[in-house]
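Following: one structure in structure tokens, then a few remarks.
Any read-out appearing in this document is the output of simple, stated calculations on the displayed coordinates, not a laboratory observation. Keep in mind that this is a model prediction, so the values were computed, not measured. Here the Cβ positions follow ideal geometry from the backbone for every residue, glycine too, while neighbour counts run over all protein chains shown.
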Amino acid sequence: MPELPEVEVLVRQLAPLIRGRKVRAVEVRRPKILAPTMSAEFERAVRGATIANLSRRGKYLLFGLRRARNQSPVTLVGHLGMTGRMYLLPRTGVLPKHAAAILDLGGERFVFEDTRYFGRLTLDTRAISRLGPEPLEDGFTTEYFAGALKRSSQAIKMKLLDQSVVAGVGNIYASEALFRAGVSPRTPARRLKREQIERLRRAIRETLSEAIECGSTVPLNFAGGRDGLFYYGSSGGDSASYEERLRVYDRAGKSCLECLGAIRRVVQAGRSTFYCPKCQK
């Protein structure tokens, strides 16, 4: 599933292409992705609006829509789910089979494609209000982080996936950050010492920042491709343009880059966790 870096890179590349564009028509092929917004409500709010800006909050894309003078602006919330892609397609281009929603922007169409339909493109903003601080912003302090962890007996790896604690961190980057910090993924959150919490906070910021920097070098040409998404450590098929940087994730059985011991995989709450038992005691 795309995490903060993938969404951030998508926003940076997509924003200048759609900013200031007017939505001339709306086509919803899979109403499920609008939930809980109804199709008619969605079309009324979006048709005729101008895309004023595009930003990110956690793993969500926020489309700021400016409407007629007598109408209040609205925010369109997008989430890629597991298989979602968002891109511009020329008007003459063939719409993909799994196009869930299409916005006519004139010479091009904005396409939200989702093969499994777990993604969202909705007017419902409640999920945003439940998010914790952005890990790369000033609000994610050691004091805040320690307070959020101090009463939880949950394993720290799973606590990092709680979007109300810190927004945007998912399974891949949680494993990577814990390795950098030298913290075992199985450690109960409340047992972490102040020094460990500070190391982990720094590791989260470094891991995400590096992923964004590396991902920004990957051309996201979604239209017509098999897979427009990229992940930390994978270039979506163009390995020549992207350096392998994953340290533990999906490396079970391979040698640790630090101690040369074997990377292990365990399952926590149904999710794969990768770690080095020597470096992360």
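Once R0 is set to 25 Å, what does the formula 1/(1 + (r/R0)^6) return for the Cβ-Cβ distance between ARG24 and VAL94, expressed as a FRET efficiency to the nearest 0.05?
Calculated value: 0.80.
Would you mind ranking GLU176, GLU258, GLU137, GLU43 so that the residue whose beta carbon has the fewest other beta carbons within 10 Å leads the list?
Sorted ascending by nearby Cβ count, the order is GLU137, GLU258, GLU43, GLU176.
For ARG190 and THR50 in one chain, what is 0.36 nm times their gap in residues minus the Cα-Cα distance, to one decimal in nm?
45.7 nm
Between ALA68 and LYS150, how high is the FRET efficiency from 1/(1 + (r/R0)^6) when r is the Cβ-Cβ distance and R₀ = 51 Å? Nearest 0.05.
Between ALA68 and LYS150 the formula returns 0.55.
With θ set to phi - 60° and the Karplus curve 6.51 cos²θ - 1.76 cosθ + 1.60, what are the ³J(HN,Hα) couplings of segment 270-281 in order, to the nearest whole Hz, using x for Gly and Pro?
For segment 270-281, the Karplus curve yields x, 10, 6, 10, 10, 7, 9, x, 7, 7, 10, 5 Hz.
Roughly how many nanometres apart are two label points built 7 Å out from the Cα toward the Cβ at ARG245 and ARG12?
Calculated label separation equals 1.0 nm.
In the Gaussian network model of the chain, springs joining C-alpha atoms below 10 Å, which of LYS157, LYS22, LYS193 carries the largest mean-square fluctuation?
It is LYS193.
Calculated from DSSP H runs of 4 or more alone, at -39500 (n - 2.57) each and per residue, what is the 222 nm mean residue ellipticity of the chain, nearest 500?
Using -39500 (n - 2.57) per qualifying helix, the result is -7500 deg cm²/dmol.
Take the alpha carbon gyration tensor of segment 4-129, find the square roots of its eigenvalues, order them as a ≥ b ≥ c, and report rounded if a/c is under 1.5; if not, report prolate when a/b exceeds b/c, else oblate.
In terms of gyration-tensor shape, rounded.
Largest first and to the nearest Å, give the Cα extent of the chain along each principal axis.
Principal-axis extents of the Cα atoms in the chain, largest first: 58, 41, 29 Å.
Search the structure for amide H atoms under 5 Å from the amide H of ARG109, placed 1.01 Å from N in the peptide plane, and list their residues when 5 or more places away or on another chain.
Amide H to amide H, under 5 Å and 5 or more residues apart or across chains, ARG109 pairs with LEU89, ARG91.
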